[in-house]
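Worksheet: the structure to be examined is printed underneath.
The values are calculated or read from the model by the stated rules, or taken from the named source; none is laboratory data. On a predicted model such as this, the values are computed, not experimentally measured, just so you know. Quick reminder, even Gly has a Cβ in these numbers, built from the backbone with ideal geometry, and neighbours come from all protein chains shown. Accessible surface areas use protein heavy atoms only, side chains included; no ligands, DNA or RNA. Shrake-Rupley method; radii C 1.70, N 1.55, O 1.52, S 1.80 Å.
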Amino acid sequence: MIQPASLYDFLQKKGVRFYTGVPDSLLKSFLTYVQEKAGVDEHIITANEGLAMGLATGHYFSTGAVPLVYLQNSGLGNIINPLTSLADKEMYAVPMILLIGWRGKPGTQDEPQHLKMGRITRTMLEALEIPVYELIGNEEKSFSIIEESIKLALNQKTPVALLVPDGIFHKYELTAAKSRYTLQREKVIAQIIERCNGDEIIVCTTGKIGREFYEQNIKAGNKISKYFLSVGAMGHANHIGLGLRLSSKSRVIMLDGDGALLMHMGALPAIAQHAGTDFMHIIINNGGHESVGGQPTGAFKIDFSQLGESCGYKKTVEIRYGKELKEWLAKSFDERTSSLVEIRTSLVSRNDLGRPSGKPEDWKNNLMKALKG
Ligand SMILES: Cc1ncc(C[n+]2csc(CCOP(=O)(O)OP(=O)(O)O)c2C)c(N)n1
């Protein structure tokens, strides 16, 4: 297995000293180490993977050194454009290392949203004409692969991909810094379900928000029948909600995450302008990518009320603590308007949190059946 500290030291020695990307659970231990060790200007978590490519390119232009861009393979879709029209050998020829968490690698067990991407990851990179290597648990062998890939990136002036399967890093964890916020996301979701009348459509973003909703809804006797868990397509769920809102009479409640919202924050004006009077856009802001390891998003620095107002939401709400949550649930929850509601929570979840059972196609059919009434 690879020690995150040894990998970091090795990369430093080989001149790879700038790290940027969107976190992934398979890379969690290494990213936690980078987060702790690298200086503030040497490691930047970007809102989406494409932006990381831009940042890495700027770094290369000014230093001539090879940067490292990290991502989950789900993020490949977000980098295809900058890969082909920015970093490609036929364009600006930018050497970089792409450290890619390989979810859904053939032969391993994974969730439905990772299977297709897992199967086509290598082929996709090859179609993009990017050299591909795979890291293995043996540290020495992996380091010689990395050394070769850095040389290749520099000599051929090209991005080079390093695929990282599950379980190759030694665990590296920090004791989580205590959050200023005490509300727990899962309990907030339970209270929202409790306050619903059962006729709402609830859409959940990618990650544990959906898993928590699923369990809490079962606990509530499947009170919400019209719901959609967007287990993949991070950052796009709020527009699924908008699409549902535009063509249905039901109220839509969108349970978004700060990381997912930031990934495609350009979504907000369209929602505000088209959702009409019955769209409640709730951002559960825990300040991090909790579902993949809790890496910071920087979202506690955003004034979501100002943002929502300037994008055109009719109402904005800021909830920081239990008292405000209680008050909002009691007094404002039934108001029919377009609202952006930010609820700040701690950065924790249950270790025994389950996953929805069944198949995505069945989930879709259930929703469509429920929408028909
Ligand atoms: C395009 C893409 N990039 C990265 C991921 C990996 N990923 C899954 S959930 C998640 C974090 C989501 O953070 P947030 O929306 O703040 O919700 P939280 O996990 O904190 O509840 C990430 C990065 C992904 N699924 N898709």
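If you project the alpha carbons of segment 252-327 onto the principal axes, what extent comes out on each, in Å, largest first?
Ordered largest first, segment 252-327 gives principal extents of 36, 31, 22 Å.
Rounded if a/c is under 1.5, else prolate if a/b beats b/c, else oblate: with a ≥ b ≥ c from the C-alpha gyration tensor eigenvalues square-rooted, which is segment 292-373? Please report the intermediate quantities before stating the final value.
Values: a/c = 1.89, a/b = 1.28, b/c = 1.47.
Oblate is the answer for segment 292-373, as a/c is 1.5 or above yet b/c matches or exceeds a/b.
Which translational diffusion coefficient, to the nearest whole µm²/s, is obtained for segment 142-185 from the Stokes-Einstein equation, given a Kirkwood hydrodynamic radius over C-alpha pairs, 37 °C and 0.692 mPa s?
The estimated diffusion coefficient comes to 229 µm²/s.
Based on the Kirkwood radius over alpha-carbon pairs, what is the Stokes-Einstein translational diffusion coefficient of the chain at 37 °C with 0.692 mPa s viscosity, in µm²/s?
152 µm²/s
Give the lysines reachable from K369 as a straight Cα distance under 24 Å; neighbours fewer than 8 places away on the same chain don't count.
Within reach: K219, K223, K226, K249, K359.
Hey, can you list the DSSP H helices of the chain whose Cα span along the axis is 24 Å or longer and whose average Kyte-Doolittle score is at least -1.0? List each step's numbers first, then the result.
Working: long enough: 139-156 (25 Å, -0.31).
Both cut-offs are met by 139-156.
Treat segment 167-206 as a sphere of radius equal to its Kirkwood radius over Cα pairs and apply Stokes-Einstein at 4 °C in a medium of 1.567 mPa s; give the translational diffusion coefficient in µm²/s, rounded to a whole number. Please list the in-between numbers first.
Values: Rh = 14.0 Å.
My calculation gives 93 µm²/s for D.
Could you state the number of Å between the C-alpha centres of segment 352-373 and segment 266-321?
Centre-to-centre distance over Cα atoms comes out at 26 Å.
Please enumerate, by chain and number, the aspartates and glutamates with C-alpha under 16 Å from the C-alpha of K315, excluding those fewer than 8 residues away in the same chain.
Hits, sequence-local ones excluded: D278, D303, E324, E327, D334, E335, E342.
In square nanometres, what is the average projected area of the Cα convex hull of segment 80-185? Write out the running numbers ahead of the final one.
Working: hull surface 39.3 nm².
Orientation-averaged projected area of the Cα hull: 9.8 nm².
How much area per residue is accessible in segment 277-370 when the probe is 1.4 Å and only protein heavy atoms are counted (Å²)?
In whole numbers, segment 277-370 has 50 Å² accessible per residue.
Counting DSSP beta bridges with both partners in segment 246-373, what percentage is antiparallel, nearest 5? The partial results should precede the final answer.
Values: 2 of 20 bridges.
Looking only at bridges with both residues in segment 246-373, the antiparallel portion is about 10 percent.
Can you pull the percent of Cα pairs in segment 1-76 with separation above 18 Å?
36 percent
Have a look at G373, F333, G354 and report the one farthest towards the positive end of the charge dipole of segment 313-373, computed about the Cα centre with Cβ charges (Lys/Arg +1, Asp/Glu -1).
The Cα lying farthest towards the positive end belongs to G373.
Would you list which lysines come within 29 Å of K151, measuring only between C-alpha atoms, while excluding same-chain residues fewer than 8 positions from it?
Candidates past the 8-residue exclusion: K13, K14, K28, K37, K89, K105, K141, K171.
To the nearest 20 debye, what is the magnitude of the charge dipole of segment 50-148 about its Cα centre, counting +1 on the Cβ of each Lys and Arg and -1 on the Cβ of each Asp and Glu?
Taking the Cα centre of segment 50-148 as origin, the dipole is about 300 debye.
Helix-only mean residue ellipticity at 222 nm, the chain, DSSP H runs n ≥ 4 weighted -39,500 (n - 2.57), per residue, nearest 500. What is it? Can you show the working numbers first?
Details: 14 runs with 154 residues, N = 373.
My calculation for the chain gives -12500 deg cm²/dmol from helical runs alone.
What ranking do 199-206, 262-269 get when scored by the average of other Cβ atoms within 10 Å per residue, highest first?
The most tightly packed comes first, giving 199-206, 262-269.
How compact is segment 1-129 by the rule of thumb for globular proteins, expressed as Cα Rg over 2.2 N^0.38 Å?
1.04
Which listed residue (G288, T175, I302) has the Cα farthest towards the positive end of the charge dipole for segment 169-304, taking +1 on Lys and Arg C-beta and -1 on Asp and Glu C-beta about the Cα centre?
Ranked along the dipole, the leading option is T175.
Carbon and sulfur atoms: what percent of the 1.4 Å accessible area of the chain do they account for?
That fraction is 51 percent.
Shape verdict for segment 189-308, please, from the Cα gyration tensor: rounded (a/c under 1.5), prolate (a/b greater than b/c) or oblate.
The shape class here is oblate.
By the gyration tensor of its Cα atoms, with a ≥ b ≥ c the square roots of the eigenvalues, what is the shape of segment 160-231: rounded for a/c under 1.5, prolate for a/b over b/c, or oblate? Mind dumping the intermediate values first?
Working: a/c = 3.19, a/b = 1.72, b/c = 1.86.
Oblate, since a/c reaches 1.5 and b/c is not below a/b.
For the chain, what proportion of DSSP beta bridges, expressed in % and rounded to the nearest 5, is antiparallel?
5 percent
Dipole size in debye (nearest 20) for the chain around its Cα centre, Lys and Arg Cβ +1, Asp and Glu Cβ -1?
880 debye
I need the fraction of alpha carbon pairs in segment 217-373 separated by more than 22 Å, rounded to a whole percent.
It works out to 45 percent of all Cα pairs.
Got a sec to turn the phi values of segment 284-289 into Karplus ³J(HN,Hα) couplings, 6.51 cos²θ - 1.76 cosθ + 1.60 with θ = phi - 60°, whole Hz, x for Gly and Pro?
Karplus-based 3J(HN,Hα) across segment 284-289 equals 8, 9, 9, x, x, 8 Hz.
Farthest toward the dipole's positive end in the chain, which of S144, G50, V160, given Cβ charges of +1 (Lys, Arg) and -1 (Asp, Glu) about the Cα centre?
G50
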